[in-house]
Number of protein chains: 2
Amino acid sequence: MNNIKVVKAEQLKSKPDANSLGFGKYFTDHMLVMDYSADQQWHDLRIVPYGPISLDPSAMVFHYGQEVFEGMKAYKTADGNISLFRPDMNLKRLNASCERISIPQVDPEVLLEGIVQLVNLEREWIPEGEESSLYIRPFIIATEACLGVRAAKEYKLLVILSPVGSYYPEGIHPVSIYVEDQYVRAVRGGTGMAKTSGNYASGIKAQEAAKQDGYSQVLWLDGVEKKYIEEVGSMNVFFKIGGEIITPALTGSILAGITRDSVIALLASWGIPVVERQISVEELFEAARQGVLEEAFGTGTAAVISPIGTMKWENEQISIAGGQTGEWSKKLYDSITGIQKGERDDHLGWRHTIS
Amino acid sequence: MNNIKVVKAEQLKSKPDANSLGFGKYFTDHMLVMDYSADQQWHDLRIVPYGPISLDPSAMVFHYGQEVFEGMKAYKTADGNISLFRPDMNLKRLNASCERISIPQVDPEVLLEGIVQLVNLEREWIPEGEESSLYIRPFIIATEACLGVRAAKEYKLLVILSPVGSYYPEGIHPVSIYVEDQYVRAVRGGTGMAKTSGNYASGIKAQEAAKQDGYSQVLWLDGVEKKYIEEVGSMNVFFKIGGEIITPALTGSILAGITRDSVIALLASWGIPVVERQISVEELFEAARQGVLEEAFGTGTAAVISPIGTMKWENEQISIAGGQTGEWSKKLYDSITGIQKGERDDHLGWRHTIS
């Protein structure tokens, strides 16, 4: 893989202020690109200056939403190296999303090598702040210029990089959540298990309504019975009830989060089992009423661990862990970010070090 | 509305062969564009040469699918005029889709005036063949360069035009349909009632599987019980059972088709009521077994009326109207296309003539 063509930017941007990075607002000097055509399959992987992409207005992505994406992070570690966190998992999931959305799959080794070269080239962009990292966004879009409703014959893969601070401006602090019982994010047989744009578009309206009512995110219920808990915002969700840690089972409409998987594996490595099963919002609120809902938190690449302090469902509002960050939320956050940043022992072999 | 800025193309394309238009493969010389920013709202409506649009790779449409679109047609009428078919309905639905996807709504009068001017400028592109027309595709995409999951603050509206032949290469001939019982297109509380890209991305995989098995389209069942009929491919669907014409009621996950509305109104004007209600696939197949399923057809802007000749569900295959185009399918097709083309009396006032 020494044959990745690199076209360097003629002028480099000035780096943004490390204290006002926000999320996904700034982008580095270069990006990774690869094209797909029916004839040549995936070809011409290259690094080029970050800049606009030019597409025919009839490009299928603008009409029929054939798109998949991933989100991962690069960190500067304590020893001065750069590391990625479980990138193999992201590339595996990218291909699973491709399969669902009828996009041709990508060779994960080729793509990882490309991402590693891009991140290496942009290493000066990796921010060093406590909750900062270089966010990596691979995505694939259908570029064929045609309005027929079918799988496209041409695609473009891009990987762009963004130095990011904490996803939530308030950092790791408990958020308030609204249980959404009108709008639905996904349903079995739909695309909920894929990381594809349509799932996010469908959630915006509910999220806006929650924000207007003073809540940070919505808790999504299943599309069939509107009874079982699925995700929170764009994160997976965990609860600690009467000493037991529970997360909704992956039934087909929930994204198989990599932080979700990491939380389960990390707890297992500490001898703490996580129960993956259906959990209804009624069971959750009843646990709160009984005083046994001890903790709740969302998990995702962007926020890592996002503790939930309050939750509202219909006319009932509950406080969780006294509205504070719970013990396990904090422990998991510190452990995962510690492993990511090379400050803790990587006993599960999750760091992918770029030398 | 004389203030629409027009930048003419320096060189005009040669027109494609009228016999090989296909659907959405060729585009005219110009397009309509309008921009939205939080400060200026929708502004700068203009006609410019048809050509690529340039977007930042982080433009939100590529990631979170905030997109809505419409489909309508312009016809050359028998008297040499140009007409649109019920464009007010399309613009109303565009705004309903915007509302669901949290995209700022558009002034329908301003947009219609822009479309009329564009179609007028491109009148030489309207094909004259029997099943031909100029397809009009308005669409809005989120263009803000940011990876935060929320409604964008910048959008672009485009209207592109494509001379089209029959949507189905075989013209009005019965198609074979596969009842999809694994994948789901939409669910109540989701985005099924909006014309947005994610609904189409989610359907491609099932459609590909149906095609591989020799079927033209899939019949979608509801996402909750996987029992009730919703749509066929990207069309609404009608059945004639024991003399009665039935179509699934609009329960929130079905697109409110304009051809659907036209079929209901046209039949009503002839004194024939259409029953809008839930209909299960079991009821449909039982009617076929009893010999009382007399006709079935899809309705949509692209195909107008698409008769269904055979249908497969699990291990049972049924033939409808002897695999032929049914009486009402033909009558409705002839009437609607006749009104569209100015060959029939427009007794419901549906033609919007461009003088």
Can you tell which of A:GLU314, A:GLU276, A:GLU294 is surrounded by fewer than 21 Cβ atoms within 10 Å (Cβ to Cβ), without any contact (Cβ under 8 Å) to a residue 40 or more places away in the chain and among the charged types (D, E, K, R)?
A:GLU276
What number of residues within the stretch B:288-317 satisfy the criterion of being assigned to a loop (DSSP other than H, G, I, E, B) and among the aliphatic types (A, V, I, L, M)?
3
Return the pairs, sorted by first residue and then second, in which the second residue is of a type in the set (A, V, I, L, M, F, W, C) and at pLDDT below 95, the first residue lies in the stretch B:239-261 and is closer than 22 Å to B:LYS226 by Cβ and buried (at least 20 other Cβ atoms within 10 Å of the Cβ), the beta carbons are less than 6 Å apart, and the residues are 6+ apart or on different chains.
B:SER253/B:ALA186; B:SER253/B:VAL187
Could you list all residues from the stretch B:212-235 that are among the small types (Gly, Ala, Ser) and within 12 Å of chain A (Cβ to nearest Cβ)?
B:SER216, B:GLY223, B:GLY233, B:SER234
Test A:ALA151 against the criterion of being at pLDDT 95 or above and of a type in the set (A, V, I, L, M), and give yes or no.
yes
Answer yes if at least one residue in the stretch B:183-203 is surrounded by fewer than 19 Cβ atoms within 10 Å (Cβ to Cβ) and either in contact with a Phe, Trp or Tyr (Cβ under 7 Å, 6 or more places away or on another chain) or at negative phi (or both), and no otherwise.
no
Say we look at the stretch B:135-187 and pick out the residues that are under 18 Å from the mean Cα position of the chain (by Cα) and charged (D, E, K, R); which of these is farthest from the other protein chains (Cβ to nearest Cβ)?
B:ARG185
For the stretch A:65-115, which positions are among the hydrophobic types (A, V, I, L, M, F, W, C) and either in a loop (DSSP other than H, G, I, E, B) or modelled with pLDDT under 95 (or both)?
A:ALA78, A:ILE103, A:VAL106
Can you find a residue in the stretch B:130-151 that is in contact (Cβ under 8 Å) with a residue 24 or more places away in the chain, more than 29 Å from B:GLY326 (Cβ to Cβ) and among the charged types (D, E, K, R)?
yes
In the stretch B:7-49, what count of residues is obtained for those that are farther than 18 Å from B:SER162 by Cα and surrounded by 13 or more Cβ atoms within 10 Å (Cβ to Cβ)?
7
Across (1) surrounded by fewer than 23 Cβ atoms within 10 Å (Cβ to Cβ); (2) more than 10 Å from chain B (Cβ to nearest Cβ), A:PRO52 clears everything bar (2)
Return the only residue of A:MET89, A:MET60, A:MET72, A:MET31 being within 12 Å of another protein chain (Cβ to nearest Cβ) and within 22 Å of B:VAL149 (Cβ to Cβ).
A:MET31
Set A:TYR215, A:TYR183: member being aromatic (Phe, Trp, Tyr) and farther than 15 Å from B:VAL224 by Cα:
A:TYR215
Considering the stretch B:189-211 alone, what residues qualify as being in a loop (DSSP other than H, G, I, E, B) and more than 7 Å from chain A (Cβ to nearest Cβ)?
B:GLY192, B:MET193, B:ALA194, B:LYS195, B:GLY203
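The values are calculated or read from the model by the stated rules, or taken from the named source; none is laboratory data. If you're wondering where the values come from, they're calculated on a predicted model, not measured in any experiment. Backbone-built Cβ (ideal geometry, glycine too); neighbour counts: all protein chains shown.
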